[in-house]
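See structure below.
The values are calculated or read from the model by the stated rules, or taken from the named source; none is laboratory data. Predicted, not measured: the structure shown is a model, and the values here were computed from it. Positions of Cβ are generated from backbone atoms using ideal geometry, with glycine treated the same way; all protein chains shown enter the neighbour counts. Just the protein is used for accessible areas: all its heavy atoms, side chains included, with ligands, DNA and RNA removed. Shrake-Rupley method; radii C 1.70, N 1.55, O 1.52, S 1.80 Å.
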Amino acid sequence: MEKKNLDWQSLGFGYVQTDLRYVANYRNGAWDQGGLTSQADITMNECACVLQYAQTCFEGMKAYTTEDGKIVCFRPDLNAARMADSCRRLEMPVFPEDRFVEAVCETVRANAAWVPPYGSGATLYIRPYMFGIDPVIGVKPASEYQFRVFVTPVGPYFKGGIRPLTVRISDLDRAAPRGTGHVKAGLNYAMSLYNITDAHRQGYDENVYVDSATRTFIEETGGANIVFIKDGTLVTPHSDTILPSITRRSLLYVAKEYLGMNVEERPVALSEIGDFTECGLCGTAAVISPVGAIDDHGTVHTYAGMGPTIQKLYDTLTGIQLGRLPAPEGWIKVIE
């Protein structure tokens, strides 16, 4: 397969329209057969539920070209399961998990020329999403839905590539107790837009949110989970309002089984963040990005940036994704 003529090394994290995308519709209580289309635009009524009441959820994942030239996807079954959880929480019909994985593979396969070559530093970002599409004016769930998958080649998530990030402790909340923080709902991200824009204006790369009930425990950032390192132990916050990141779960396994580290998933008090030596933000888009400093209202805690442990975690996980290292069973889905 001849690749598109792109400057792969110069790609940012932005949308590039590719050739085909997958679409399936839910009507009269059932999903249709679904299939690929070249039409990137969506037509809907002005009163569509998604436009009025934000009934939508999404996933994010990547396809890679491995060292031996295969196109693979990383743990798509977990994305399918997480989207099913999101749908149930938002009173949306679940798109069958096996069909989800098939749709992802079909979309990537149809756009194989857009999968960046091995060694380019770029990847193919995959965005499955679903939304209520029929007109709804009273506050209630839609009765018709559309599930779609598009792909786009991307470079690093944070501008400037892999570098130590400077983040701040936020005064605003990301999610309420017993709310929707644990699902990948579009509304969670809408409420973070003001705060991330303000952070950038103030010279920060991201916001670190604390629990909204007591404001004493670290939760996550607007777009990633957070991990800390101390004395050979990887520590990541635990909370019912944190999105269960597939990358974070994978890093916990890598740390324990590949690197022989101790692993703790527990509440992390805001008061203890100065005790750690390394810190990183992890997620599909960023993999794991080093944090150089956390600013807690003028008290700045500094870290080793791309310290030795964050580097090992990054190298090991990307090595698994790119085929340089053996993967645990079921982690790699070969597409082509």
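The solvent-accessible area of Ile196, taken with every protein chain present and a 1.4 Å probe, is close to 40 Å².
What FRET efficiency, computed as 1/(1 + (r/R0)^6) with R0 = 51 Å and r the Cβ-Cβ distance, is obtained for Glu272 and Tyr118, rounded to the nearest 0.05? Could you put the intermediate results ahead of the total?
Details: r = 40 Å, r/R0 = 0.79.
Working from the Cβ atoms, E equals 0.80.
When the Cα atoms of segment 8-134 are aligned to their principal axes, the ranges along those axes come out at 45, 28, 23 Å in descending order. Using a simple spin-label model with pseudo-atoms 7 Å out from Cα toward Cβ, Gln17 and Lys70 lie 3.4 nm apart. Among 316-324, 14-22, sorting by the average number of other beta carbon atoms lying within 10 angstrom of each residue, highest first, gives 316-324, 14-22. Taking all protein chains together and a 1.4 Å probe, the residues Arg127, Arg178 rank Arg178, Arg127 from largest to smallest accessible area.
Reducing segment 1-49 and segment 153-180 to their Cα centroids gives an inter-centroid distance of 26 Å.
Quick one: if the Förster radius is 25 Å, what FRET efficiency do Leu172 and Asp240 give, using the C-beta to C-beta distance and rounding to 0.05?
Result of the calculation: an efficiency of 0.80.
Lysine pair count for the chain (Cα-Cα distance under 20 Å; residues 8 or more apart in sequence or on different chains): 13. Using just its DSSP H runs of length 4 or more, each adding -39500 (n - 2.57), the chain gives a mean residue ellipticity at 222 nm of -6000 deg cm²/dmol after division by all residues.
Entry comment: accessible area of the chain is 44 Å² per residue, from protein heavy atoms only and a probe of 1.4 Å. Over all pairs of different C-alpha atoms, the chain has a mean inverse distance whose reciprocal, the Kirkwood radius, equals 20.8 Å.
Each residue was assigned an accessible area with a 1.4 Å probe, and for Asp296 the value is about 40 Å².
Please give the FRET efficiency for Asn262 paired with Ala213, using the beta carbon to beta carbon distance and R0 = 35 Å, rounded to the nearest 0.05.
Working from the Cβ atoms, E equals 0.80.
Across the chain, C-alpha contacts under 8 Å between residues 6 or more apart give a mean separation that, scaled by the residue count, equals a relative contact order of 20 percent.
Expressed as a whole percent, the accessible area of segment 240-336 that falls on carbon and sulfur atoms is 48 (1.4 Å probe).
Of the listed residues Ser10, Ser271, Ser212, the order by accessible area with a 1.4 Å probe, largest first, is Ser271, Ser10, Ser212.
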